[in-house]
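Engineer: Can you keep this structure in mind? I'll have questions shortly.
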Amino acid sequence: MNFAFSEEQTMMADVVRELLARECGSAALRRQMSTACSFDRERWRKLLELGLSGVMVPEDAGGLGLGGADFVQIAEACGHACLPEPLVDHAGVVLPLLADCEVEAARAALTQSLETGAVIALAHPQTPWIVAANAASAFVLPGPDGLRLVPGEEVRRVQQPGIDPLRQLFTVSAEPAAGAEIAAPGAMATLLARAAERGAVFAAAELVGLAQACVDLAVAYAGERRQFGRPIGANQAIKHHLASAQVKIAFARPVVHAAAALVPSDPGALPDDIEARARISHALLAAGEAATLAARTALQVHGAMGYSWEVDVHLYLKRALSLTQRWGGPEHHRQRIAERILSAPIGPDRLFPQDAEETETTPMKRTA
């Protein structure tokens with residue numbers, strides 16, 4: 001079986017990487033930090049011109065009808081560029097959720113977003129702090145009576161402190177009867193569960209991209225910084241640290257890609273079993289550990305100056321720490337893996353029930 005990405009998948013990801021390299025470099029990020037704005041509408045427009053918002057939307061709803069394996073490299077590219085805009089959440093989580101709703105209000109909002117580039121945000125119980133909510137034109141809000149689609153002008157937004165300077169966080173609220181109901185309470189639970197699985201997979205992909213960016217920055221710096229007449233990268237200690245971080249990424253990446261393969265082109269077909277949940281949780285945990293190690297290794301390679309805002313690695317570390325706490329956090333995902341392990345057949349009486357029965361009923365034979 002061939003697990004490699006197709007030529008079309010790789011080409012689409014390469015186009016996104018090239019655009020982000022031009023539009024989301026270090027200078028652009030630092031200019032954006034100086035304006036205290038976490039949303040660049042011009043960059044958002046250029047991203048959506050590539051058709052990225054409809055990647056995970058079925059064709060009958062106006063999208064490309066692709067799956068997680070098609071989007072995972074795009075999410076990884078967004079992480080590598082430390083993209084401030086919530087493209088991954090918007091295209092990978094919110095719009096597929098609307099496509100999964102079977103009411104006219106949801107389909108109308110989905111169509112409008114695909115046509116105009118309007119941002120739709122989701123207030124998920126696992127991620128109550130919404131990124132760039134000030135740029136959203138509509139919100140999907142859960143409540144006791146179900147899931148509601150609320151226009152932006154009817155939502156109260158309160159900015160909250162955050163660790164990532166490139167992403168502004170908001171809490172939102174609205175009147176109980178505001179907006180239009182798009183899912184009843186029973187259907188809402190299923191929709192939110194599917195959204196959480198997609199969010200965890202693509203957050204893991206972003207973390208892999210962040211991790212690789214940290215190693216790339218550290219390698220470049222180690223080749224330029226000189227001490228005692230030679231680059232610091234010539235020291236074995238530096239090489240070992242960077243190699244350990246790269247190996248961690250190499251082990252996490254295929255785990256993330258395998259989890260992304262569980263996200264099909266049809267939003268409603270997302271598997272809901274303990275095995276799939278454990279694989280998705282494993283992906284997020286592995287990617288988070290790789291990103292944390294890579295960022296801390298890059299800081300160490302940069303020395304004391306790595307802790308200052310003048311070094312780009314600092315931005316990646318903040319984003320990595322922020323992403324690892326989204327979609328449930330490490331404790332939640334460790335618990336899901338533990339549930340999978342404890343539900344597996346363990347012990348000879350469960351692995352080999354026939355042999356165990358024979359052992360109990362057949363006396364042991366002596367051998368000479």
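The values are calculated or read from the model by the stated rules, or taken from the named source; none is laboratory data. Remember, it's a predicted structure, so these values are computed and weren't measured experimentally. Virtual Cβ from ideal backbone geometry, glycine too; neighbours counted across all protein chains shown. We work out accessible area using only protein heavy atoms, side chains counted, and drop any ligands, DNA or RNA first. Shrake-Rupley method; radii C 1.70, N 1.55, O 1.52, S 1.80 Å.
Engineer: Within the range 152-186, count every residue that is in contact (Cβ under 8 Å) with a residue 40 or more places away in the chain, open to solvent by 50 Å² or more (accessible area, probe 1.4 Å) and aliphatic (A, V, I, L, M).
Structural biologist: Of the residues in that region, 1 qualify.
Engineer: If you don't mind, there's one more thing I want to ask. Any chance the range 80-87 includes a residue that's in contact with a helix residue (DSSP H, G or I) (Cβ under 8 Å, 6 or more places away or on another chain), open to solvent by 20 Å² or more (accessible area, probe 1.4 Å) and acidic (D, E)? Even if it seems obvious, please write down each step before you answer.
Structural biologist: Taking the range 80-87 first, the residues in contact with a helix residue (DSSP H, G or I) (Cβ under 8 Å, 6 or more places away or on another chain) are 80-85, 87.
Checking which are open to solvent by 20 Å² or more (accessible area, probe 1.4 Å) leaves us with 80.
Filter again for acidic (D, E), leaving none.
No: the range 80-87 contains no residue that is in contact with a helix residue (DSSP H, G or I) (Cβ under 8 Å, 6 or more places away or on another chain), open to solvent by 20 Å² or more (accessible area, probe 1.4 Å) and acidic (D, E).
Every residue, every condition in (1) within 30 Å of A61 (Cα to Cα); (2) out of contact with any Lys or Arg (no Cβ under 7 Å at 6 or more places or on another chain); (3) outside any helix (DSSP H, G or I); (4) not aromatic (F, W, Y), yes or no:
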| residue | (1), (2), (3), (4) |
| --- | --- |
| K248 | no, yes, no, yes |
| F251 | no, yes, no, no |
| P254 | no, yes, no, yes |
| A259 | yes, no, no, yes |
| D272 | yes, yes, yes, yes |
| H282 | no, yes, no, yes |
| G288 | no, yes, no, yes |
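Engineer: Given the residues L217, L262, L191, which is the only one that is surrounded by 20 or more Cβ atoms within 10 Å (Cβ to Cβ), in contact with a Cys (Cβ under 9 Å, 6 or more places away or on another chain) and not acidic (D, E)?
Structural biologist: Working: L217 fails: in contact with a Cys (Cβ under 9 Å, 6 or more places away or on another chain); L262 fails: in contact with a Cys (Cβ under 9 Å, 6 or more places away or on another chain).
The conditions single out L191.
Engineer: To continue, here is another question. Collect the residues in the range 92-113 that are open to solvent by 20 Å² or more (accessible area, probe 1.4 Å), closer than 22 Å to L270 by Cβ and either under 21 Å from the mean Cα position of the chain (by Cα) or among the charged types (D, E, K, R) (or both), keeping them in residue-number order.
Structural biologist: Answer for the range 92-113, where residues must be open to solvent by 20 Å² or more (accessible area, probe 1.4 Å), closer than 22 Å to L270 by Cβ and either under 21 Å from the mean Cα position of the chain (by Cα) or among the charged types (D, E, K, R) (or both): D100, E102, R107.
Engineer: Let me ask something additional. Test of understanding: among L317, L321, L299, L293, which residue is assigned to a helix (DSSP H, G or I), modelled with pLDDT of 95 or more and not β-branched (V, I, T)? Spell out the reasoning first.
Structural biologist: Numbers: L317 fails: modelled with pLDDT of 95 or more; L321 fails: modelled with pLDDT of 95 or more; L299 fails: modelled with pLDDT of 95 or more.
Testing whether each residue is assigned to a helix (DSSP H, G or I), modelled with pLDDT of 95 or more and not β-branched (V, I, T) leaves just L293.
Engineer: Identify all residues within the range 302-314 that are in a helix (DSSP H, G or I) and within 24 Å of the chain's Cα centre (by Cα); write none if there are none. Walk me through how you get there before you give the answer.
Structural biologist: We begin by selecting, within the range 302-314, every residue in a helix (DSSP H, G or I); these are 302-307, 313-314.
Of everything in the range 302-314, those that are in a helix (DSSP H, G or I) and within 24 Å of the chain's Cα centre (by Cα) turn out to be V313, H314.
Engineer: Among the listed residues R253, R226, which satisfies the condition of being under 20 Å from G68 (Cβ atoms), of a type in the set (K, R) and open to solvent by 50 Å² or more (accessible area, probe 1.4 Å)? Can you show your working first?
Structural biologist: On the way: R226 fails: under 20 Å from G68 (Cβ atoms).
Residue meeting the stated conditions: R253.
Engineer: Condition first: in contact with a Ser or Thr (Cβ under 9 Å, 6 or more places away or on another chain) and under 23 Å from V57 (Cα atoms). Now tell me which residues in the range 162-206 satisfy that. Walk me through how you get there before you give the answer.
Structural biologist: Here is the first cut: in the range 162-206, the residues in contact with a Ser or Thr (Cβ under 9 Å, 6 or more places away or on another chain) are 162-169, 183, 196, 199-200, 203.
A183, A196, G199, A200, A203, listed by residue number.
Engineer: Please pick out the residue among A133, A69 that is within 30 Å of V215 (Cβ to Cβ) and modelled with pLDDT of 90 or more. Working first, answer last.
Structural biologist: Working: A133 fails: within 30 Å of V215 (Cβ to Cβ).
When all the criteria are applied, what remains is A69.
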